[in-house]
Amino acid sequence: MAAERSTADILDAAVRVRAAARSVTSGAAGVDTVLAALADVVAYDHASLARWDPVRGCHTTLAGSYPDDATVYIETRLHDDPVFAVLRGPSRGGLWLGDVPGQLLASSPGFRDVLSPLGIEDGVAQCLFAADGRYVGMLNVSTRRPRRTPDPARAVVTLLTESLAATLDSRTATPCGEPSGRLSPRELQVLAELTTGRTNREIAQRLYVTPRTVGTHIEHILAKLDLPNRAAAAARAAAWGIEPSS
């Protein structure tokens, strides 16, 4: 019965994490509440949620309790760590410290120079991805005391990745009826054409404008929607149900 109660407690805590995640604004406000709620799922000594900045090519910690040197490493060097390449690989699963092969740990400056001196013996690192596949940031959880994280807690951390990713995603979702208020009619046409994978020249031919004009429209679309490239714009158009005219 104790094990069942423990699992129930973990699941209850997961519900609180999801509720806290839903209350987070598009900025950093409230992320610390999410991290605090996560402590009831996985007991930790240090933890952080860091957002990936694709323009600057580094992480920004929105909430965390690591010492300054560890936070600096997470923000400026973690993305070059050999462990990070595994985390962002095809499996996209979290790595629990006790499950990391010794050879990989030995090659990791993050573990050797940052975590090990802190006495870290357990924890998990988890890359977080938005629904459209964009990498948006990372969860790091560490504990100094040797303890075995219950299997239900491990599973719950995996199930919570979508909610955790949403707290880090700087792009807020827009209701289906709103894009017409943000984009001009011509920009909406160009956005629709992007879903087909057509080139600027092909789009220009269909819309009877120049390729340069199409390029300008795309620049405006990306700026207005805060998107990094045309592939992301095409994904947004598909999510909104925008399709080119036949």
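Residue by residue, here is whether (1) more than 26 Å from Arg16 (Cα to Cα); (2) surrounded by fewer than 16 Cβ atoms within 10 Å (Cβ to Cβ) holds:
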site	(1), (2)
Thr61	no, no
Asp80	yes, yes
Glu121	yes, no
Asn140	no, no
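Does Leu227 fit the bill of being buried (at least 17 other Cβ atoms within 10 Å of the Cβ) and modelled with pLDDT of 90 or more?
no
Which ranges mark the helices (runs of 4 or more DSSP H) fully within region 7-116 that have 3 or more residues being over 19 Å from the mean Cα position of the chain (by Cα)?
68-76, 102-106
Can you tell me which of Leu222, Leu194 is at pLDDT below 90 and either of a type in the set (A, V, I, L, M) or touching a Leu at 6+ places or on another chain (Cβ under 6 Å) (or both)?
Just one listed residue meets the conditions, Leu222.
The values are calculated or read from the model by the stated rules, or taken from the named source; none is laboratory data. Predicted, not measured: the structure shown is a model, and the values here were computed from it. No Cβ is skipped: glycine too gets one built from the backbone with ideal geometry, and neighbour counts run over all protein chains shown.
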